[in-house]
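Peer 1: Here it is: the structure, laid out below.
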Amino acid sequence: MTELKSYAFTAMGCPCELKIEGSLRDTQAIAEECKREAWRFETKYSRYRSDSLVSAINAAAGHSRVEIDAECRAILEYADVCFSLSDGLFDITSGVLRRVWHPNLTALPTSKALASVLPYIGWKKVDVSDSGVYLPLSDMELDLGGIVKEYAADALTRLIKNAGFTSAVINLGGDLYCLGKAPGGQPWRIGVTNPFAKLPLAKAPLIDCAVATSGGYERYFEIAGHRYSHLLNPKSGWPVDGLLSVSTLADSVVVAGSLATIALLKDADEGLQWLADSGCTYVAVTREGSIVTQVSDELTT
């Protein structure tokens, strides 16, 4: 019998869920394939695994080039696009700031501590070519955490779609894609997270559309009673202090995610202008609790 089946698993450090309309046998088979694909992305690109491609690239920093395949090159090319569109704020070499901003931090880092890592940040220093990728300074590193989960969600969507399924929701850590219509022929209805309350800020009736949320309210540094965002400005080394949360709609999860993240990396006014100029549908929440939206027919508040 054809009905909506749900499959939960964990990948890339976050809860994931697949909702797929189809028979039990068929949905189980594609769900297992999707799990393996999500875990493949984690194994290949996680900076926490010593055997990952990213760890190999970082370990070779300053002395050798590491060969990469077409998939990795495509991800790095997209990172380059995000770097340019964000005026350098979306920088996958900024992970070195974790050496200063770490979970056990009890006091604000000194200017000297920040100055010790800032020279190793700079995407344009990275040499990417057909023969591989090379980090020219020994203390440089890549961190693809801001792209890979969303990129994987799009890959899983393609797997499900290519297998012939026409109704599904692919959710990796809250960033998701709604394939086709929900069972019964109606759009999928997705709630947009409210950082100040349990009820959603808005509901989006989605068909063949992605939604992603980026926010600084769940992950943060708390020092002397003050909360600092986990998102860091790669130019100054300090936590950003712009918008609190941004949710965006786009044709793909990776685009929705990068739109939201870039908006958060900017000052609040600049972030809102960036979202408005992009033409995307969005819901943004300021640190004062104000809600700013650019509403299309896809979004109801």
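The values are calculated or read from the model by the stated rules, or taken from the named source; none is laboratory data. Since this is a predicted model, take the numbers as computed values, not measurements. Cβ: placed from backbone, ideal geometry, glycine included. Neighbour counts: every protein chain shown.
Residue by residue, here is whether (1) of a type outside the set (A, V, I, L, M); (2) at pLDDT 95 or above; (3) more than 14 Å from Leu142 (Cα to Cα); (4) touching a Leu at 6+ places or on another chain (Cβ under 9 Å) holds:
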{"site": "Val54", "(1), (2), (3), (4)": "no, yes, no, yes"}
{"site": "Ala60", "(1), (2), (3), (4)": "no, yes, no, yes"}
{"site": "Glu67", "(1), (2), (3), (4)": "yes, yes, yes, no"}
{"site": "Cys72", "(1), (2), (3), (4)": "yes, yes, no, yes"}
{"site": "Ile75", "(1), (2), (3), (4)": "no, yes, no, yes"}
{"site": "Ala79", "(1), (2), (3), (4)": "no, yes, no, yes"}
{"site": "Ser94", "(1), (2), (3), (4)": "yes, yes, no, yes"}
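Peer 1: Are any residues in the range 43-52 under 21 Å from Leu137 (Cα atoms) and surrounded by 15 or more Cβ atoms within 10 Å (Cβ to Cβ), and if so, which ones?
Peer 2: Tyr45, Ser46, Arg47, Ser52
Peer 1: Mind checking which residues of the range 264-275 are farther than 21 Å from Asn171 by Cβ and either assigned to a loop (DSSP other than H, G, I, E, B) or in contact with a Ser or Thr (Cβ under 8 Å, 6 or more places away or on another chain) (or both)? Show your work before the answer.
Peer 2: Initial filter on the range 264-275 (farther than 21 Å from Asn171 by Cβ): 265-275.
Matches in the range 264-275: Leu265, Lys266, Asp267, Ala268, Leu275.
Peer 1: Further question on the same structure: I need the full set of residues from the range 239-263 which are modelled with pLDDT under 95 and not in a strand (DSSP E or B), in order please.
Peer 2: Once the filter is applied, which keeps residues that are modelled with pLDDT under 95 and not in a strand (DSSP E or B), the range 239-263 yields Val240, Asp241, Gly242, Leu243, Leu244.
Peer 1: Just to be sure I understand the filter: pairs with C-beta atoms under 7 Å, separated by 6 or more residues or on different chains, first member in the range 145-157 and under 13 Å from Ala212 (Cβ atoms) and without any contact (Cβ under 8 Å) to a residue 60 or more places away in the chain, second member buried (at least 21 other Cβ atoms within 10 Å of the Cβ) and of a type in the set (A, V, I, L, M, F, W, C). Which pairs pass?
Peer 2: Filtered contacts from the range 145-157: no entries.
Peer 1: Here is a follow-up. Restricting to the range 86-102, give me the number of residues that are within 29 Å of Ser278 (Cα to Cα) and in a loop (DSSP other than H, G, I, E, B).
Peer 2: 8
Peer 1: Right, here's the next one. Among the residues of the range 88-103, write down those that are under 17 Å from the mean Cα position of the chain (by Cα), among the aliphatic types (A, V, I, L, M) and closer than 13 Å to Ser236 by Cα.
Peer 2: Leu89
Peer 1: Follow-up. Take Ile190 and tell me if it is modelled with pLDDT under 95 and not small (Gly, Ala, Ser). Show your work before the answer.
Peer 2: Numbers: modelled with pLDDT under 95: yes; not small (Gly, Ala, Ser): yes.
So Ile190 fits the description; yes.
Residue by residue, here is whether (1) part of a helix (DSSP H, G or I); (2) touching a helix residue (DSSP H, G or I) at 6+ places or on another chain (Cβ under 6 Å) holds:
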{"position": "Trp39", "(1), (2)": "yes, no"}
{"position": "Val54", "(1), (2)": "yes, yes"}
{"position": "Ile57", "(1), (2)": "yes, no"}
{"position": "Ala61", "(1), (2)": "no, no"}
{"position": "Glu71", "(1), (2)": "yes, no"}
{"position": "Ser84", "(1), (2)": "yes, no"}
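Peer 1: Quick one: count up the residues across the range 1-57 that are farther than 18 Å from Glu71 by Cβ, of a type in the set (A, V, I, L, M, F, W, C) and in contact with a Ser or Thr (Cβ under 8 Å, 6 or more places away or on another chain).
Peer 2: Summing the residues that are farther than 18 Å from Glu71 by Cβ, of a type in the set (A, V, I, L, M, F, W, C) and in contact with a Ser or Thr (Cβ under 8 Å, 6 or more places away or on another chain) in the range 1-57 gives 5.
Peer 1: Out of all the residues in the range 113-132, which are exposed (fewer than 13 other Cβ atoms within 10 Å of the Cβ) and modelled with pLDDT of 95 or more?
Peer 2: Ala115, Pro119, Lys124, Asp127, listed by residue number.
Peer 1: From (1) over 19 Å from Tyr177 (Cβ atoms); (2) exposed (fewer than 15 other Cβ atoms within 10 Å of the Cβ); (3) of a type in the set (A, V, I, L, M), pick out the condition that doesn't hold for Val66.
Peer 2: (2)
Peer 1: Continuing with this model, one more query. Quick one: in the range 10-20, which of the residues that are over 14 Å from the mean Cα position of the chain (by Cα) and buried (at least 21 other Cβ atoms within 10 Å of the Cβ) is nearest to Arg219 (Cα to Cα)?
Peer 2: Among them, the one singled out is Leu18.
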